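Heads up: the structure comes next, in structure tokens.
A short reminder: the numbers here are calculations on the coordinates, not readings from a lab. All values derive from a computational prediction rather than experimental measurement. When we count neighbours, we look across all protein chains shown, and the Cβ atoms used for this are built from the backbone with ideal geometry, even at glycine.
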Amino acid sequence: MGKVTQAVPLALFWFIYMGALGIFFPYYSLYLRENAGLTGTQVGVVLSMVPLAGMFAPPFWGQVADRTGARGRVVVLLAFGASLGYLALASADRFLAILGATVALACFSTAIIPLTVSVTLGVLHGSGPYAFGLIRVWGTLGYLLLVLSFPWLLRHYQTAKGLEAASGGAVEPGLEIMFLITAGIVFGAALVGLFLPREGVVGLRASRGEWRALLKNSVVIRFLFFVLVAYVLQAGPMWLFPVYVRARGGDLYTIRQMWILMLLVEIPLLISSGAGLKRLGARGLLVLGVLAGAVRWTVSGLSHDPYLVYPVQMLHGVMVTGLLLGGPLYLDAVVPGRLRSTAQSLLSMIGIGIGGIASNTGAGWLLEHMGADAPYIVSGIGSFVLGFLVWWFLPSPDASEPGTPAAS
């Protein structure tokens, strides 16, 4: 099967699955805070269940994928499981039930992105520095489409059900419909996943216990420590962004408009990311992403002027291109291809897992005790420090060609 033919189901899976996240991610914390009526600390605890599961689920599924070589089939299994997880959230209406449903969902969903990245990098091996960004951008396009369309779908649902915002209640009644829609879309992604490539580099198998070599690689260890600090600084503010917008008097449409600003910049950056990779390397992309986050969160926390807060959200695209592209590409350049899924899962475990727990819990505490601006000020200052230390702390990846990972 040619590279172009193999890329079609990959791009379609990214488009559909990330489209589902375009409903869930922007609005879940808003749902927890207003529709479910949870306190700031409870919101932080629930959101922390995602990274808690991310400490265990991705490495487990990564090892299953690497040992069997059935990376595409594992992605399909995870997508079907995540679809059921979203259905469970639709029926959960109290703190403990929401907590349990979030854990169940996260046991599947936290491994989907790292394993899809490993499949994508395996299929695109040797295709040059532009290839990964050109496939990954379809995920952003799907995300943008659902960010744009979901408020319209919700308005029609509210009208059909006669739902109106009550004084002192949720500003968006009926927001729980997002779980049913998301479940259906993720199920569709799972069906597309049945056509993901299975042969060649993407089907390489690792031997038993070979994953331990990753923990003896000093470059990998230093990179994972960098990822830990970066996610501690970035994850909580991102999850709490809808609550931040509401604290400034915004509504669902305000959140949507901000996400549009973020994604409109992200799309061309992802498409052209190959040029940045050739010029800066994966490490340079990481520096760019961290410093973009530093500027974005510092301005968001210190300024109440919408003429500053709105435009600075466009730096989201630089953050994503820098961190979510630079990170996987850096790691893939320093690990053997047969351990690709385990390595990407370790990245998820350290970042989304350990880093996310600390970040979400800390940001939730800051939200409740110091106000909506505090998480952003702390993150912004810390990100500036991290960004200026990257060149000193993080070694240059030992790769034969920028953006071309090892396949052995």
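List of remarks:
- Segment 20-150 - Rg over Rh from alpha carbon coordinates, Kirkwood radius: 1.02
- As a length-normalised measure over Cα pairs under 8 Å and 6 or more apart, the relative contact order of segment 3-393 settles at 31 percent.
- Between the residues VAL147, LEU269, MET314, the greatest Cα displacement towards the positive end of the dipole of the chain, with unit charges on the Cβ of Lys, Arg, Asp and Glu, is found for LEU269.
- Here the Gaussian network model covers the chain, with springs between Cα atoms less than 10 Å apart; of GLU172, GLU266, GLU164, GLU164 fluctuates the most.
- The stretch between PHE393 and ALA160, if pulled fully straight at 0.36 nm per residue, gains 78.3 nm over its current Cα-Cα span.
- With the simple spin-label model, which puts each label point 7 Å out from Cα in the Cβ direction, the ILE381 to ALA90 separation comes to 4.5 nm.
- Neighbourhood net charge (11 Å Cβ-Cβ; Lys/Arg +1, Asp/Glu -1) for GLY317: 0
- Over the chain: helical MRE at 222 nm, DSSP H runs n ≥ 4 each giving -39500 (n - 2.57), nearest 500: -24500 deg cm²/dmol
- Between TYR310 and TRP152, full extension at 0.36 nm per residue minus the direct alpha carbon distance yields a gain of 54.7 nm.
- Computed over neighbours whose Cβ is under 12 Å from that of GLN42, the net charge equals +1, Lys and Arg +1, Asp and Glu -1.
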